[in-house]
Amino acid sequence: MEVYVNETLLPIELEDEKTAFDVIKGISDFFAKEKVPQFVTKILINGTEYSFADDDSLKRIEIETIDKIEFEFKDIIGVSKLSIEQILLYIDLLKQYISENKWNDFFSNIEDSLEWIESGVNQIMEIFSLKQEIVALKKFFIDDLLNLKKIVSILSPEKFPLATEEIQKIIIICERLGILISKVFQLLDLGFTGNAKEDIILRITEILPLYDDLMPVLPEVSTLLQKACDKDAMEIIQKLTTLIDGSISVFLALKNSDSNIFENLEINGVSFDSFFDSLTERLHELVSAIENKDSVMIGDLVEYEFLPNIEEMKELLGELKNRLLNQIS
């Protein structure tokens, strides 16, 4: 029997092990006691994936039937990042299904899933409680999650199709949750992995035209709402939140790759962190306005708050791209 750990063949000698569970538990216990503890994130037995939590299945697999066991181990940061990736996938699924505006069995277990997300985020925040930047994000994330739980708890087949503003409210909250949890991911990533500057330049190049497409139509939101064209207005707002999400991911990747690149750069006269907090507050106000069907407030926020911020963010991305190009050349 061959045992691989993170794709490396591990020389082991079996003693009293009789089942797959015995082998897996022994190896897992060994790596958990390392100076930097490692935890099992994937197990393959003869090419089939098994869960470490499924004791009964593992105990039924006898040693003689095993040709190869493959382990993936990660440290606590790796495990936390894996959890965040799963949360982001779930949020994307929720946006996808809610956009279809029809009942899906996915919604049947949504409250349990959001409870799992809340528990996971609380655990990550507790583990990294010394990282003040992460702790500062917790209130925003949990507040949004509670708001989302309150909205989706009343979903049922009879509620569909939902009103356009209800759909967009859920999508905007999901976008903001994505921004917040992505920032936690990047903060965990900081100092452990890098981001190729060429890749960041390419991403900025892809994003900048989206600003050019969006800025001219943002002032139209007020008019569209006045004309009762709610669907068209909400589509613009969704593009706005998606662009904000993508841009913040770029800023965080840059901060990870080279924190000095932000030297002497500000957004709207304030630091990036202050700008981010302010932007999150404006997004809260936008969701509240949508919830209250306050078309005047929605239009004012988009035109007088978000449009100037978007213009500032576009200029900053352009300047950062130039600095990266100068570094490479």
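So that you can scan it fast, the table gives a plain yes or no per residue for (1) part of a strand (DSSP E or B); (2) of a type outside the set (S, T, N, Q); (3) open to solvent by 40 Å² or more (accessible area, probe 1.4 Å):
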site	(1), (2), (3)
I43	yes, yes, no
E49	yes, yes, yes
L58	no, yes, no
E70	yes, yes, yes
L82	no, yes, yes
E85	no, yes, yes
Note on D232: of the conditions (1) within 24 Å of I181 (Cβ to Cβ); (2) in contact with a Leu (Cβ under 6 Å, 6 or more places away or on another chain), unmet is (1)
| query | Does T242 meet the test of being at pLDDT below 80, open to solvent by 20 Å² or more (accessible area, probe 1.4 Å) and more than 28 Å from K74 (Cβ to Cβ)? | reply | yes
All conditions in (1) open to solvent by 40 Å² or more (accessible area, probe 1.4 Å); (2) modelled with pLDDT of 85 or more are true of E198 except (2)
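Identify the residue in the stretch 139-190 that is aliphatic (A, V, I, L, M) and not in a helix (DSSP H, G or I) and, among all such residues, is most open to solvent (accessible area, probe 1.4 Å). Spell out how you get there, then give the answer.
Here is the first cut: in the stretch 139-190, the ones aliphatic (A, V, I, L, M) are 142, 145-146, 148, 151-152, 154-155, 162-163, 167, 170-173, 177, 179-181, 184, 187-188, 190.
Now restrict to residues that are not in a helix (DSSP H, G or I): 154-155, 162-163, 190.
Values: I154: 98, L155: 26, L162: 18, A163: 36, L190: 66 Å².
Filtering the stretch 139-190 for residues that are aliphatic (A, V, I, L, M) and not in a helix (DSSP H, G or I), the one most open to solvent (accessible area, probe 1.4 Å) comes out as I154.
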Out of (1) surrounded by 16 or more Cβ atoms within 10 Å (Cβ to Cβ); (2) modelled with pLDDT of 85 or more; (3) out of contact with any Ser or Thr (no Cβ under 9 Å at 6 or more places or on another chain), the one A253 does not meet is (2)
Is it the case that some residue within the stretch 89-106 is closer than 30 Å to F30 by Cα and open to solvent by 60 Å² or more (accessible area, probe 1.4 Å)? no
Inspect all residues belonging to the stretch 264-271 and state whether any of them is touching a helix residue (DSSP H, G or I) at 6+ places or on another chain (Cβ under 6 Å) and open to solvent by 10 Å² or more (accessible area, probe 1.4 Å).
yes
Residue pairs within 9 Å by beta carbon, gap of at least six or interchain, first lying in the stretch 16-33 and farther than 18 Å from L44 by Cβ, second aliphatic (A, V, I, L, M) and assigned to a helix (DSSP H, G or I), listed first then second, are K18/I63
Checked pairs for the stretch 94-121, first modelled with pLDDT under 85, second in a helix (DSSP H, G or I) and not β-branched (V, I, T), C-beta under 9 Å and 6 or more apart or across chains, list as G120/S80; G120/S83; G120/Q86; V121/S83; V121/K138; V121/F141; V121/L145
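This table checks each residue for (1) farther than 27 Å from D92 by Cβ; (2) open to solvent by 40 Å² or more (accessible area, probe 1.4 Å); (3) without any contact (Cβ under 8 Å) to a residue 40 or more places away in the chain.
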{"residue": "L202", "(1), (2), (3)": "no, yes, yes"}
{"residue": "D213", "(1), (2), (3)": "no, yes, yes"}
{"residue": "L225", "(1), (2), (3)": "yes, no, no"}
{"residue": "Q238", "(1), (2), (3)": "no, yes, no"}
Going through the stretch 289-328 in order, the residues found to be closer than 18 Å to D230 by Cβ, of a type in the set (V, I, T) and open to solvent by less than 20 Å² (accessible area, probe 1.4 Å) are I290, I298, V302
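The values are calculated or read from the model by the stated rules, or taken from the named source; none is laboratory data. This one's a predicted model, so the numbers in the text were calculated from it and none came from an experiment. A quick note on method: Cβ atoms are made from the backbone with ideal geometry, for glycine too, and the neighbour counts reach across all protein chains shown. Each accessible area value is taken on the protein alone, full model and side chains, heavy atoms only, with ligands, DNA and RNA left out. Shrake-Rupley method; radii C 1.70, N 1.55, O 1.52, S 1.80 Å.
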